[in-house]
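Some notes on the structure that comes next.
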Amino acid sequence: MLGEEAMKKNLWILACFALSARGFSGEETVYLYKAGAFEVYTLVENRGPGRSQILVGASDALKKRYLPADFQSEVNAFLIKGRGKIVLVDTGFGGAVFENMRKLGVEPKDVDAVLLTHLHGDHIGGLARDGKPLFPRALVYVAALERDYWTRININAAADAALKPYGNRLRVFTPGELGSTLTELLPGISAIAAYGHTPGHTVFLVSGEGGDLLIWGDLTHVQDIQFPRPDISVTYDVDPVMAAETRKKILEYAVKNRIPIAGMHLVYPAIGTVTAAGQGYTWNPAK
């Protein structure tokens, strides 16, 4: 497990990268995927050059084998429309995500619920500003282990400040484990425990009556290597070993059940399918 100082350093590096990666005019930043009765939209917050330095345990030979010289990275959020609700999964840094929502005719006041995969800055930066909630009527959902870790154990002021303005609109839950009854948060949207990247990292299963989608947060950061080699973790993982085991388990689940995946650090369109390939997997982006 990374020490507190190393973790803070990595989060600062990520924030600097993300802020410098803005300004991608001329490239598509919204993508529509139909999951049965739901419309799911990829909202690109930012994109820029990937960084192989964040990989844990990847030799130079592995990097040379799998990583293109110009591989990219993104930060994404996802907007879900369906069953009379508008739901946002993560908020990015709170920049382009709002511009992209408006392209869809959605204002922050229209959002019914915000689901948080975890409390890193590139996922909660759009929750609040100057002590005020940016989603004035939304319920905000976060896993109990995640909330407790960042606001009571390894206190992160930014996470605490992002959640506090929501007061009694904060909904704390315990995600279900694969192989057991899942925790349904909203009609057709369930929470699944995916611990490792952070202590309460959560993925969300959208079940759309004829089409499912797994929004899996930060299970990968460098897709070109982490699909064929899911044993490779990154420095942002609080517990790299657990993160790798969770990634393998959820990849196996997605392939077995033929469930497409959406990811916060997958490259546009950031939604697609995975197929088994040897000891790893192949990523097939949606068209």
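The values are calculated or read from the model by the stated rules, or taken from the named source; none is laboratory data. Fair warning: this is a prediction, and the values are worked out from it, not measured in the lab. Glycine gets a Cβ as well: all are built from the backbone with ideal geometry, and neighbour counts include every protein chain shown.
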Any chance D212 is among the charged types (D, E, K, R) and surrounded by 20 or more Cβ atoms within 10 Å (Cβ to Cβ): no
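Based on this model, can you work out whether A162 counts as over 18 Å from the mean Cα position of the chain (by Cα) and farther than 25 Å from G84 by Cβ?
Numbers: over 18 Å from the mean Cα position of the chain (by Cα): no; farther than 25 Å from G84 by Cβ: yes.
No; evaluated as a whole, the condition is false for this residue.
If you check T117 against the conditions, is it in contact with a strand residue (DSSP E or B) (Cβ under 8 Å, 6 or more places away or on another chain) and surrounded by fewer than 19 Cβ atoms within 10 Å (Cβ to Cβ)? Talk me through it step by step, then tell me what you get.
On the way: in contact with a strand residue (DSSP E or B) (Cβ under 8 Å, 6 or more places away or on another chain): yes; surrounded by fewer than 19 Cβ atoms within 10 Å (Cβ to Cβ): no.
No: the conditions fail for T117.
Within the stretch 24-116, considering only strands (runs of 3 or more DSSP E) that don't extend past its boundaries, which have at least 2 residues that are within 30 Å of S207 (Cα to Cα) and of a type in the set (S, T, Y)? Explain how you work it out, then say what you get.
Working: elements: 30-35, 38-49, 72-82, 85-89, 113-115.
Result: 30-35, 38-49.
Has the stretch 218-227 got any residue that is within 24 Å of R65 (Cα to Cα), of a type in the set (S, T, N, Q) and surrounded by fewer than 22 Cβ atoms within 10 Å (Cβ to Cβ)? Full working, then the answer.
First, pick out the residues of the stretch 218-227 that are within 24 Å of R65 (Cα to Cα): 218-227.
From what is left, the residues that are of a type in the set (S, T, N, Q) are 220, 223, 226.
Applying the additional criterion that residues be surrounded by fewer than 22 Cβ atoms within 10 Å (Cβ to Cβ) yields none.
Within the stretch 218-227 (the criterion being within 24 Å of R65 (Cα to Cα), of a type in the set (S, T, N, Q) and surrounded by fewer than 22 Cβ atoms within 10 Å (Cβ to Cβ)), the answer is no, since none of the residues qualifies.
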Within the stretch 126-145, is even one residue in a helix (DSSP H, G or I) and either within 15 Å of the chain's Cα centre (by Cα) or in contact (Cβ under 8 Å) with a residue 60 or more places away in the chain (or both)? no
Keeping to the stretch 159-189, report how many residues are within 21 Å of L79 (Cα to Cα) and crowded, with 21+ Cβ neighbours inside 10 Å. 5
Can you name the number of the only condition in (1) in a strand (DSSP E or B); (2) touching a helix residue (DSSP H, G or I) at 6+ places or on another chain (Cβ under 7 Å); (3) under 23 Å from G179 (Cβ atoms); (4) hydrophobic (A, V, I, L, M, F, W, C) that W283 fails? (3)
Quick one: which of A15, A77, A61 is within 21 Å of the chain's Cα centre (by Cα), of a type in the set (G, A, S) and at pLDDT 95 or above? A77
